[in-house]
Amino acid sequence: MVRGITSVARAIVNKPESSPGQSQATYNLLIEGYGLADVMGTPGVDGRRATSNHIIEVERVLGIEAARTVIGSETENIMKAYGIRIDTRHRMLLSDVMTFKGEVLGITRFGVAKMRESVLM
């Protein structure tokens with residue numbers, strides 16, 4: 001348990017290489033589990049820079065536009081790991097399709113069935 005956040009199973013503190021001219025040491029806190037809102041409110045954590053790859057939690061805590069941004073960045077990270085480059089406009093279109101109803105809908109038969117109209121119309 002990390003600092004009283006029961007939904008966090010494990011945490012790793014990582015110190016990235018400091019860039020030239022950086023006066024204060026910064027650390028990355030990598031967390032396994034849930035609780036983005038709790039982590040953002042933890043003293044010593046810069047909540048403006050906190051991120052999560054759990055899209056539904058990001059939507060619940062920060063809103064649909066933040067979830068849309070996470071979909072795009074996670075798609076880029078996954079494809080980059082396989083050496084595949086996707087044009088930014090295509091990633092943005094996918095993010096728009098998945099979030100234009102005001103909720104995150106998957107590209108599955110259930111999610112597509114809820115999409116009566118499209119962002120392309």
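The values are calculated or read from the model by the stated rules, or taken from the named source; none is laboratory data. As the structure is a prediction and not an experimental result, all values here were calculated from the model. Glycine gets a Cβ as well: all are built from the backbone with ideal geometry, and neighbour counts include every protein chain shown. All accessible areas refer to the heavy atoms of the entire protein, side chains included, with ligands and DNA or RNA removed. Shrake-Rupley method; radii C 1.70, N 1.55, O 1.52, S 1.80 Å.
Other residues with beta-carbon under 12 Å from the beta-carbon of Met40 carry, at +1 per Lys or Arg and -1 per Asp or Glu, a net charge of -1. Under 14 Å from the Cα of Lys114, which aspartates and glutamates turn up, not counting those fewer than eight places away in the same chain? Counting by Cα, and skipping residues close in sequence, Lys114 has these aspartates and glutamates nearby: Glu103. Treating r as the C-beta distance of Ala9 and Ala81 and R0 as 25 Å, the FRET efficiency rounds to 0.60. Of the solvent-accessible surface of the range 30-121, computed with a 1.4 Å probe over protein heavy atoms with every protein chain present, carbon and sulfur atoms account for 56 percent.
Max-minus-min Cα coordinates of the range 34-121 on each principal axis give 45, 31, 19 Å, with the largest extent listed first. For Ala25, what is the net charge nearby, where nearby means another residue's Cβ is under 14 Å from its Cβ and Lys, Arg count +1, Asp, Glu -1? Cβ neighbours under 14 Å give a net charge of -1. Taking 24 Å as the straight-line reach from the Cα of Lys80, the lysines in range (excluding those fewer than 8 positions away in the same chain) are Lys15. For the chain, the solvent-accessible area works out to 75 Å² per residue, with a probe of 1.4 Å and every protein chain left in place. Relative to the longest principal axis of the Cα atoms of the chain, helix 88-99 runs at roughly 80 degrees.
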